[in-house]
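The block underneath contains the structure these notes are about, expressed in structure tokens.
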Amino acid sequence: MLIRPVSCWNKIIHRVVAKKMTDRVFGLFRRMMKEMVIPDEKTFTRVLKAGGGSVVPLHYVAQIHAITITHGLETSPLICNPLIDFYFKNGFVNSAKRVFGKLQRKGTVSWLAMISGLSQNGYEKEAILLFCQMHMIGILPTPYLFSSVLSSCTKVEYYEVGEQLHGLALKQGFSSETYVCNALVTLYSHSGKMLFAECIFNAMSQRDRVSYNSLISGLALQGHGDRALELFKKMRLDSLKPDYITVASLLSACASLGALRNGKQLHSYAIKAGLSSDLIVEGSLLDLYVKCSDIDTAHNFFLSTETENVVLWNVMLVAYGLSDNLKESFEIFKQMQIEGIIPNQFTYPSILKTCTSLSALGLGEQIHTHVLKSGFQFNMYVSSVLIDMYAKLGKLETALKILRTLKEKDVVSWTAMIAGYAQHDMFAEALNLFEEMQDQGIQSDNIGFASAISACAGIHVLGQGRQIHAQSCVSGYSDDVSVGNALVSLYARCGQVREAHFAFNQIFAKDNKSWNSLISGFAHSGHYDEALHLFDKMNKAGIEINSFTFGSVVSAAANVANIKLGKQIHAMIKKSGYDSEAEVSNVLITLYAKCGSLDDAKKQFYEMPEKNEVSWNAMITCYSRHGCGFEALSVFEDMKQLGALPNHVTFVGVLTACSHVGLVDEGINYFKSMSEVHSLVPKPEHYACIVDLLGRAGLLSRARRFIEQMPIQPDAMIWRTLLSACIIRKNIDIGEFAASHLLKLEPKDSATYVLLSNMYAVTGKWDGRDWTRQIMKGRGVKKVPGRSWIEVNNSVHAFFAGDQKHPRADMIYENLRYLNERATEFGYVPQCNILLNDVERGQKDPTEMIHSEKLAIAFGLLNLSSSTPIHVFKNLRVCGDCHNWIKCVSKISDRVIIVRDAYRFHHFEGGVCSCKDYW
């Protein structure tokens, strides 16, 4: 043709567009412009339509757009609509918005292009708002437009808005349209309303493959994998051929069900149908084998795929992470780099989570270096996993530093940091950060609330815990199990029995953590009988009992010194296989130690396959409390030789051991080694041990100088220790000095007045004793009465001083008279009235001076077989008179008598005490 008018160019371009020959379309358009043929609206529409079907360089379209402007067509809907569509399909969202903004006459097609384009490019919220604007100005939507905006609601979880749009679709008469129904099925499936989704699906007059895919994927997503597989059979009966989405959804259903056999059948089908090489199907297949724990098949399948797909590499990292195989995880990660696979935002978290679960901090720090090099440190997901790793593994300063660099307000990162503080007993820091998070307008999730409540439980701030409880309810987490368990722990640890039980009963789906929270909380707050009763109830209910449960209940049994129950629980531990766990063995050592069974504690310790620092500390403390100071120090030396690191608890046991056996120089040297050798800063309890060490040895002036030179402010424990030593050594000057400080710190503590009164009494300063008693009475301070307990025939019998309320009181006092007579023959000289003056001794009923431990021992000798040791527990310190008396009685009766007072154990046998009269 010598002359080619624009109509001819339009026809040939139209035919080439129909054949999807995009390159030839642009070639023809360039020739047309060179030949000076002026394009019209049809030309631009068809050229732009060709560009919308594939990815085209921006400068091509920009040139075409510029030409439309020069020809005065920039506001033509015929041109602008495909131009909007082109920009969106090629990812140029702002350009599409500018074109739409200049349109003067926006028809339904224009709105459709804009709303669907925004939805497909991740601007779902803008798409929904734009639809609302369209509706307000009276533009009638099409079924496809409804479908597009409903999909947007699903993606951003605007389910309530989606339901309102469903109502609008019903009014417009589009509720039976296939496009709309498919979008509604997806909406209700994702929101968990499967009944609505299935009703819409069943009511559809025409179902296509998308309809089935929508419901199958929804069922799989909501955990109804078996129903998804049944629907697949129905799809086949309807002669609809599954595509890669169908297969991927069904594989996901099989993975959630653990249906490996069904999954392998689908794998075979995918191969036959030519779908097995699809990236989504490959990922789903690999995920199936990983979740079904068939790691070998997963690995072989992975090797058979085109390994350029980073998703498959990530799934393999997850696979080895689930099996705690850090070595293979790291090998996969290294191979990725060798193959040139570029990690994405899911690669690093996969291996970092494995490092966290296996406490591999060093390797985690190496991965962090890779994160920094690749620039993913600003990715919210990667940062949150890094914070979680460092927080859980104790590098809290590093975790906080990462958190402070975040530009976005990410609740997951904040709650990971709060949880880290709570897990490492930094409760005040956890609560401060929780408040800061709220001040910044970040709404907490269930993990944040649970961690904050746990922090309140840790430091017993009941008021603040109740406030956070109220906030969690307002935020919709009142039914969350993790929050419920934390609340149970809070109220139980704070001794609020009724509230703890109420919080426990409010948990709909109680797990063993719920029971453990209640039991451990009561054990921690001193409600030991309640904890033991709950354990019995939990056991009868068939709830799974784990090492944490056993640890809490053994601790409760230890604190009530119920060795019989303790041994029964020990037998249960052996049957359940938890006896090999260090944490359980440690509490068993403490149980036997607190119950006075030193031999059982030693057996438990020396039979442990692996010991940690808690094990060594438990045994050192056990020896120390039982007066075996040299044995405690021997265990400490063994601990150091085997490479176990001493901590603050260790040195309390070591220093106490030195104090109980009078090793003054050794104790001072051990105290100095804390800071000089082990880099441990002494705490108040360590200073108190040194004061006790010097005081017991009679070095009271030196003890006073030590206190005055301390780098920390002395607390009540330190002054009380010094005052107790002054009573034994009858040193009034230093005693009054200690008492003056103690009364300032704790003016309502009865022990201070009693100690001061006793000091005046033993030194014959009766005016001082009477003055102390008057002050005590005037301030309304009541003395804690001495009380002793003994278990006989599964019943615990309690006695006060001079107690005559026991049903067998007559027999007890008769036996006591006999024991006193025999003890006198062995040289016992009563000193029970040493705290009374001459007048008071004549007026006092002698029975009132009989201390509670004497009554308990007399009762035990009457009722326990000769082969059974007498175990007595007292809430106060054993006095010198009772100590001498029990020594004589142990020889007279030829019985082992074990007395646990408020400070230590005394083992009496053959007229000798394990403390060697140094206590």
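The values are calculated or read from the model by the stated rules, or taken from the named source; none is laboratory data. On a predicted model such as this, the values are computed, not experimentally measured, just so you know. Glycine gets a Cβ as well: all are built from the backbone with ideal geometry, and neighbour counts include every protein chain shown. Side chains are part of the model used for accessible areas, which takes the heavy atoms of the whole protein and leaves out ligands, DNA and RNA. Shrake-Rupley method; radii C 1.70, N 1.55, O 1.52, S 1.80 Å.
In table form, for the structure just shown:
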| quantity | calculated |
| --- | --- |
| Given charges at Cβ of Lys, Arg, Asp, Glu: the chain dipole, positive-most of Gln440, Gly596, Leu565 | Gln440 |
| Potential lengthening between Leu642 and Leu279 on full extension [0.36 nm per residue; Cα-Cα distance subtracted] | 125.3 nm |
| Label-point separation in nm, Asp770 to Leu195, each point 7 Å along Cα→Cβ | 8.5 |
| Alpha-carbon Debye profile of the chain, log10 I(q)/I(0) at 0.09 Å⁻¹ | -1.09 |
| Nearest-ten-degree value, helix 178-190 long axis tilted from longest Cα axis of the chain | 10 |
| Crossing angle, helix 481-493 versus the chain [Cα axis fit, 0-90 degrees, rounded to tens] | 20 |
| Average accessible area per residue (Å²) across segment 362-481 - probe 1.4 Å, nucleic acids and ligands excluded | 47 |
| Carbon/sulfur fraction of accessible area - the chain, other protein chains in place, 1.4 Å, % | 53 |
| Lys, Arg +1 and Asp, Glu -1 on Cβ, resulting dipole of segment 540-625 about Cα centre, debye, nearest 20 | 380 |
| Whole-number percent relative contact order across the chain, with pairs defined as alpha carbons under 8 Å at least 6 apart | 3 |
| Ratio Rg/Rh, restricted to segment 108-207 and using Cα atoms, in which Rh is the Kirkwood radius | 0.95 |
| Straight-distance crosslink candidates among lysines, where the alpha carbon sits under 20 Å from Lys193 and sequence neighbours closer than 8 are dropped | Lys155 |
| Under 27 Å from the Cα of Lys748 - lysines, other chains or at least 8 residues apart | Lys683, Lys730, Lys765, Lys777, Lys782, Lys783, Lys874 |
| Where segment 685-799 is the region considered: accessible area per residue in Å², 1.4 Å probe | 50 |
| Surface accessible to a 1.4 Å probe, per residue, for the residues of segment 541-644, Å² | 43 |
| Links that overshoot a 23 Å alpha carbon limit, given the list Lys537/Lys567; Lys373/Lys401; Lys171/Lys233; Lys537/Lys574 | Lys171/Lys233 |
| Estimated distance in nm for a label pair at Lys327 and Lys11, the labels positioned 7 Å out from Cα along Cα-to-Cβ | 7.5 |
| Relative contact order %, segment 119-171, counting alpha carbon pairs below 8 Å whose residues are six or more apart | 40 |
| Dipole magnitude (debye, nearest 20) for segment 192-254, charges at Cβ of Lys, Arg, Asp, Glu | 80 |
| In degrees, nearest ten, helix 361-374 long axis to first principal axis of the chain (Cα) | 30 |
| Computed label-point distance, nm, for sites Val792 and Lys916 using a 7 Å Cα→Cβ extension | 3.5 |
| Ser701/Asn432 FRET efficiency (R0 56 Å; Cβ-Cβ; nearest 0.05) | 0.80 |
| Size of electric dipole in the chain: Cβ of Lys, Arg +1 and of Asp, Glu -1, about Cα centre, debye, nearest 20 | 2080 |
| Modelled FRET efficiency - R0 56 Å, Glu308 with Met710, Cβ distances, 0.05 increments | 0.25 |
| The chain - mean residue ellipticity at 222 nm from DSSP helices (-39,500 (n - 2.57) per run, n ≥ 4, rounded to 500) | -21500 deg cm²/dmol |
| At R0 = 30 Å, FRET efficiency that the Cβ-Cβ distance of Met811 and Lys748 yields, to 0.05 | 0.15 |
| Potential lengthening between Ser359 and Ser205 on full extension [0.36 nm per residue; Cα-Cα distance subtracted] | 49.8 nm |
| Solvent-accessible surface ranking, highest first, for Phe502, Phe508 at 1.4 angstrom | Phe508, Phe502 |
| All lysines inside 21 Å of Lys291 as judged from Cα atoms, apart from same-chain residues fewer than 8 positions distant | Lys264, Lys327, Lys353 |
